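The values are calculated or read from the model by the stated rules, or taken from the named source; none is laboratory data. Keep in mind the model is a prediction, meaning the values are calculated, not measured. With ideal geometry, Cβ positions are generated from the backbone for all residues, glycine too; neighbour counts draw on all protein chains shown.
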Amino acid sequence: MKTLAIIGSQWGDEGKGKITDLLSEKCDIVVRYQGGNNAGHTIIVDGKKIVLHLIPSGILHAHSVAVIGHGVVFEPEAFQVELKKVADAGIVVTTKNLKISENVTVITSYNKLLDAARESQGSVKIGTTGKGIGPAYEDKIARRAIKLKDLFDLPTLKIKLARNLEEKETLFKHRYDIAFPSVDEEALRLFNLGKNIAPFMCDTFSYLDQAIIQNKKILFEGAQGILLDIDYGTYPYVTSSSTALGGVYTGAGIPESSVEEVLGITKAYTTRVGEGPFPTELFDSLGEEIQIKGHEFGATTGRKRRCGWLDLPLLKYAVKASNLTSIALTKLDILSGIKELKVCVAYEYEGKRIEVAYPGIDLTKATPIYKSMKPFTDNFADKLSIELEMYIKEIENFLGIPVGIIAFGPERKEIIFRKDYFEDDIQPELDLSSWGRQAGGLEGIYPQVDLEKLSRNNATTTKK
Ligand code: GDP
Ligand code: IMO
Ligand code: MG
């Protein structure tokens, strides 16, 4: 296997950061392709915690190249802060191991102001992260977004920003009555931020195209989860990007055939931050126990996560929506020792029993049907208990795909691989690490590789 997509199969925070970090060790390139700094991916190494919002979790491994694809909405100030945080943690980030698409959509101050104004004064409260994600994607779809490559010429940036502000100005002044920066101020702020980002700018489409041709091992790191997808999710209580599998193709810019496996990261129970339906939510002391034991607080906003039982009808839908080929079951340690264990195996809906939560269903009217499972008390040092094996089997049988990974703690070593991902494959000898157009330069502009020559190189590959 050469390419794998990691996708959250629930409402986010399933443990994608930890699994991405672990699998990055085995691959050459890690790509973020959607979302922005609404994501909070936690990685814990030897007790030290790092939360990444924008930079792919693969950055922790010196050999792997982190790529931010054009489907991401990119907040330049948040990026600067994160870059410093990563450097302070002793990670060396250079233009060789971090590449940002010149076409990422820039999140402006106007986007953040609009997000906050709608959440505080609007008629529908989504419970967003307040990072300006929705308004930035709106600008992109409306064809008035600022792209990263727009930050480097101040006069043109001003013209584009004026166009961008045109309609929002009316909202700021007359609907929400809030102050906002002038075009000149905002342009100068973005222009100055752009100077430090320019060296990382790259034609990531061509970079990934070459990487695929050269059989590089690539991991696509999803943010959020399938149930937050703009099309597949619990609309309108969703984020504004394509978090499901389709987002990989449009957001990273790769052909459909280039994702071989899709690993759905699945918490052993369910959590959700923000508003929206949640059929298996627990409102009792057990829900509170899971919330406290699981430290279920948002990694980006610090909000308490709502907690509930594992919801198999929703998971089955997620499997179908993203063609998941296996799942990683995380946070099993949190369920260990819990005196009662249930799993939702169907809904009662309009007098019928249904086992897949198709999107036509109004989840607020679905009554979960639970199967009581035997609680387990594993310490994960020994063989898994029969009770835990039965919990895993129940999930596998229901979903029809294997549980390939079991996680039982936040640390790297707290993991069991039941399936081999990125097994040692034949690798070509070509080096991609310095490839990519740096700002202002022409080095590496696509097409620059002789495909004939590449296939000859493939014929004489060596074991890595
Ligand atoms: P992500 O957004 O999907 O990357 O997940 P978050 O980082 O927002 O939240 C997952 C939280 O669970 C983080 O604090 C992780 O360190 C932690 N975590 C991940 N896997 C496990 C696990 O198997 N057990 C426990 N106890 N914590 C885990
Ligand atoms: P990771 O990648 C969990 C939720 C917000 C809100 C909704 C819309 O860490 O799993 P937005 O700011 O995106 O417009 O908010 O989506 N949300 C997340 N929930 N994990 C995330 O990311 C999330 N990113 C956004 O709480 O309900
Ligand atoms: Mg998170």
Q: Report those helices (runs of 4 or more DSSP H) wholly inside the range 243-337 carrying at least 2 residues which are within 15 Å of ligand 2 (Cβ to nearest atom).
A: 312-322
**Q.** Test: residue 91 is of a type in the set (A, V, I, L, M, F, W, C), under 23 Å from residue 234 (Cα atoms) and in a loop (DSSP other than H, G, I, E, B)
**A.** no
Q) residue 216 fails exactly one of the following numbered conditions: (1) in contact with a Gly (Cβ under 8 Å, 6 or more places away or on another chain); (2) in a loop (DSSP other than H, G, I, E, B); (3) more than 15 Å from ligand 2 (Cβ to nearest atom). What is the number of that condition? A) (1)
Q | Unique residue being of a type in the set (Ser, Thr, Tyr) and surrounded by 22 or more Cβ atoms within 10 Å (Cβ to Cβ) when the list is 156, 129 | A | 129
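Residues are listed down the side, and each one gets a yes or a no for (1) away from ligand 3 (no atom under 13 Å from the Cβ); (2) farther than 12 Å from residue 14 by Cβ; (3) not assigned by TED's automatic domain parsing to the domain that holds residue 283:
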{"site": "293", "(1), (2), (3)": "yes, yes, no"}
{"site": "301", "(1), (2), (3)": "no, yes, no"}
{"site": "304", "(1), (2), (3)": "yes, yes, no"}
{"site": "307", "(1), (2), (3)": "yes, yes, no"}
{"site": "310", "(1), (2), (3)": "yes, no, no"}
{"site": "315", "(1), (2), (3)": "yes, no, no"}
{"site": "323", "(1), (2), (3)": "yes, yes, no"}
{"site": "327", "(1), (2), (3)": "yes, no, no"}
{"site": "331", "(1), (2), (3)": "no, no, no"}
Q) Can you find a residue in the range 108-120 that is within 16 Å of ligand 2 (Cβ to nearest atom), crowded, with 20+ Cβ neighbours inside 10 Å and within 20 Å of residue 223 (Cα to Cα)? A) yes
Q) Quick one: is residue 239 within 16 Å of ligand 3 (Cβ to nearest atom), in a strand (DSSP E or B) and in the same structural domain as residue 341 (by TED's automatic domain parsing)? A) no
(Q) Looking at 93, 73, 104 in this structure, which one is surrounded by fewer than 21 Cβ atoms within 10 Å (Cβ to Cβ) and in contact with a Phe, Trp or Tyr (Cβ under 9 Å, 6 or more places away or on another chain)? (A) 93
Q) Of 58, 35, which residue is more than 14 Å from residue 86 (Cβ to Cβ) and either more than 12 Å from ligand 2 (Cβ to nearest atom) or buried (at least 23 other Cβ atoms within 10 Å of the Cβ) (or both)? A) 35
Q. Residues in the range 76-90 that are acidic (Asp, Glu) and either surrounded by 21 or more Cβ atoms within 10 Å (Cβ to Cβ) or more than 17 Å from residue 193 (Cβ to Cβ) (or both): how many?
A. 1
Q.
Every residue in the range 11-30 that is within 14 Å of ligand 2 (Cβ to nearest atom) and in a helix (DSSP H, G or I), please.
A. 16, 17, 18, 19, 20, 21
**Q.** Subset of the range 220-272 (residues that are β-branched (Val, Ile, Thr), more than 15 Å from the chain's Cα centre (by Cα) and within 16 Å of ligand 1 (Cβ to nearest atom))
**A.** 270, 271
